Every structure is written in structure tokens, then in C-alpha cells.
1. Does the stretch 69-85 hold any residues that are of a type in the set (Ser, Thr, Tyr) and either over 17 Å from residue 103 (Cα atoms) or in a loop (DSSP other than H, G, I, E, B) (or both), and which are they?
2. Of everything in the stretch 157-174 that's within 21 Å of residue 184 (Cβ to Cβ) and in contact with a strand residue (DSSP E or B) (Cβ under 9 Å, 6 or more places away or on another chain), which residue is surrounded by the most Cβ atoms within 10 Å (Cβ to Cβ)?
3. Looking at (1) touching a strand residue (DSSP E or B) at 6+ places or on another chain (Cβ under 7 Å); (2) farther than 24 Å from residue 160 by Cβ; (3) part of a helix (DSSP H, G or I), which is the only condition residue 207 fails?
4. What residue, among those in the stretch 287-319 that are under 30 Å from residue 396 (Cβ atoms) and of a type in the set (S, T, N, Q), is modelled with the lowest pLDDT?
5. Would it be correct to say that residue 366 is touching a helix residue (DSSP H, G or I) at 6+ places or on another chain (Cβ under 8 Å), modelled with pLDDT of 95 or more and in a loop (DSSP other than H, G, I, E, B)?
6. Output the strands (runs of 3 or more DSSP E) that fall wholly within the stretch 236-336 and possess 2 or more residues being within 20 Å of the chain's Cα centre (by Cα), of a type in the set (D, E, K, R) and not assigned by TED's automatic domain parsing to the domain that holds residue 381, or say none.
7. Tell me, yes or no, whether the stretch 169-179 has at least one residue that is under 17 Å from residue 70 (Cα atoms), of a type in the set (A, V, I, L, M) and either touching a His at 6+ places or on another chain (Cβ under 6 Å) or not assigned by TED's automatic domain parsing to the domain that holds residue 246 (or both).
8. Looking at 105, 89, which is the one that is closer than 16 Å to residue 133 by Cα, surrounded by 18 or more Cβ atoms within 10 Å (Cβ to Cβ) and in contact (Cβ under 8 Å) with a residue 12 or more places away in the chain?
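The values are calculated or read from the model by the stated rules, or taken from the named source; none is laboratory data. As the structure is a computational prediction, the values presented were derived from the model and not from experiment. Note: ideal-geometry Cβ built from the backbone for every residue, glycine included; neighbour counts use all protein chains shown.
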Amino acid sequence: MLLVRVATLLDMVDYIVFSLYSYGYFLFVGSIMVFCGVSEGLNNVFNADSCVVGVASMLRLGLVGCGSISYEHVRRLSILDEGEVCIAALCDIVLENAERLRVYANRFRNLTPDPIPRENLFSDYRGMLDSVDLDAVIVCTPHTLHYEHVMEALRRGLHVLVEKPMAVSLREAEEMASEASRRNLVLAIGYQRHFDPVYTYVRNLVLSGDLGDPHFVVATLYQNLIAAGRWYLDPKLSGGGQLKASGTHLVDLVLWITEGEPVRVKALMDRCGTDVDLYIAIAAELSGGVLASIAISGAAPGRTAAVDEEFRLWCSKGAVHVYGGRIYVQNRDGDTTMVDRGRLPRITSNPDVNFVRAILGKEECLVPARYGVWATKFEDMAYADVGKPIPSRLKLE
């Protein structure tokens, strides 16, 4: 636990830059959500194993981990209606981080109708769970701590939204999912692309059958992981490198759009002189016979942690290509059409809003535990294929 030193003032600067670049698209969409107040296009992406629980009163929420990403969670929650949720307690091993987040969260009166008192700040998460009456928690701690924090909350009967990746091993992910299911609790995973209008359109298109059966996926993601933050490069906290950091988003995207579980995974990786994987090349077979080629870089040029990604899917009747927020659909004859942005679903939810409203019985949980289990299984298979230690043949200059 003493290894966890997150959300320093420097982390705050990193977060602002990271948000402007890496999550710029989602921040833009979030702004549109606030002003439009319109929600549609989600009905087609509800999953059979999603759950609606329902509680009678305002949800009391605690945050475990008050680093830079916790501010994004508060910002997302801020579009909720007054009376849906109140942030009741905060926990971080560095108490000053909890205090800074308290000041920020108290600016949103719909989230803190009663300002969070200093006595509801904790440096030990068990102390918070023992002392404050809560209905749910958001876990945004380093990856290797997710299992401990999530399982303790579930065992106490609390709903949980956990940051990606869900876990650092398939065993952990399956135990978390099983515990949530056994107790009829919402366990949601923080994969934002499930709320992206572009990717929601693509998933709906694939599920409609208009393109035929999915055959072959090529997906790429590039980022400077070194610029993203210090603990990401420490395997004791990250549990892996770029595959676990941002690559897990791409893995989830491929599995979510194709609705395919991993069957076989072959991988090559390189650490580039660091302690974690930075270059990842994966060939995989998914259920239904779908083939996938996934390339992930954590050593891309740049001074920031900006993410660049591309997605292509070839099907039996056509293909779809996503890049730069644009969708290109190709028929079997090769004719290509760019999808007009006016045709995209207008989505007013996000991982945090959906989590709260799933507990309240107002929405389905759009990122249930099974997607975290699938992604973790895929990542486990990739690491197992590479073996230990991960090679470090390449050097950065």
C-alpha cells in the first residue's frame, strides 16, 4: 500500500493535459450531453447479463483513490440530476489528495447537497467503509489494488464501478464477477467507448447484420505511456504495461463490437528498456471464428499521453472503418460512404452516470462485469504466450 503515491500537484497538471488530448473527444461529447439533454441509441446495446437493481432513495457514494482520474469521475457524475447521488466520503492513502478532491467535489451542489465534511476523508479504505453509510463505491486506484478494494466493497454489499483494467489476472476478474452476481450487485467497468456515439453506431451496425458476419478485425492504438504517469511504469502497481494501461480499451473495443470471447491469442512484446511492455503485437481468434490483429504502442512520439487509434472490421457483406472520429462503410462492391455525424446516436450517459442509474433502476448497466472478464482473459492469454521475462531488445532514445 505504501507504494501508492498518486495525484500529486504534478499529477493534476498531467491530468489536465491528458484530458485535453487523450479524452478530448469524450469531453466534447460530455459537453454536448449537458446541453442537449437528449438520450437515444442505447437500447440496441443493452446486454443480456446487464442488471437493473433499484434503490428507493438518493445513492450515497464513496471514492477509493483520489488521484487525477478521480476528477474525471466527479465531472462525469456532475451531469446527474439533483437527488440521484451524493458523494459522501473520499479515501486516498495520501490524505491531502482526498482533501483536494473534496474541495473540487463540493463545487457541484447536485453531488454534494451537504458538503463533504473533513471527517469523511480517510487514508484507509476499510476505515471509510466501517465509518460511513454507503451504497456504492468507485474504485480508481492502481491496477494491482483493484481486486482487494472491489472484493471488500462487494462483500459489504456495495455496488462498484471499477476503473479499467478490471483486474490483473483472470482469476481475480472471475472472482469479482462471481461475487457481484451472487449478491445481485452492480459491478461496472470503466470502459468509456461503450458510450461513444461513433463506436455505438458501429456496434449497432454490426449487430443489425447489414454487413453480414464479422470476419476480420484490425485495431491499433498509439500513445506515449511514459508521459501518461509514473506508476504506470511500475509493474508492482500497474500489473503490466501498455496492454493493461490503454491497450485494454482497444481489447475491450474489439470484443464488445464483435461480441466475441478470445479463443486463441499469440503475442509479441518488447519493454524497450523499461520494466513493462511498451510494444505489443497480437494475433487472435475469437468465438465465431473471427480473426483479430491488434497493435499497441506505448512508446509513440510526443510530449503528452494523447491517444491515437484506428479500427477496421471486414464482414461477409462489407466493411467498416473508424479513424479520427469518422466512420466509413464499404459494401461488397467496394463503394465507400462516410457516415454523416447527424446519423450518430445522441448519448447523454457515461460510465459513471450509467452506473448510478443502473443501481437506481433507471438504466441497464452497459459495461457489466463480463466485458472486464473477457478483456482480462484476452490479456492473460497474451502475457502467457509471451512468457517471462518480457523481452527488451529495443531501446528508446
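1. Looking only at the stretch 69-85, we keep the residues that are of a type in the set (Ser, Thr, Tyr), and these are 70-71, 78.
78, the sole residue that qualifies.
2. Per the stated criteria, the residue is 166.
3. Residue 207 satisfies every listed condition except (1).
4. Residues of the stretch 287-319 that are under 30 Å from residue 396 (Cβ atoms), as a first pass: 292-312.
Now narrow it down to the ones that are of a type in the set (S, T, N, Q): 293, 297, 304.
On the way: 293: 99, 297: 97, 304: 83.
For the stretch 287-319, the residue satisfying everything is 304.
5. yes
6. Numbers: elements: 262-270, 279-286, 291-297, 308-315, 318-323, 326-331.
Fully inside the stretch 236-336 and qualifying: nothing.
7. To start, the set of residues in the stretch 169-179 that are under 17 Å from residue 70 (Cα atoms) comprises none.
No, the stretch 169-179 contains no residue that is under 17 Å from residue 70 (Cα atoms), of a type in the set (A, V, I, L, M) and either touching a His at 6+ places or on another chain (Cβ under 6 Å) or not assigned by TED's automatic domain parsing to the domain that holds residue 246 (or both).
8. 89
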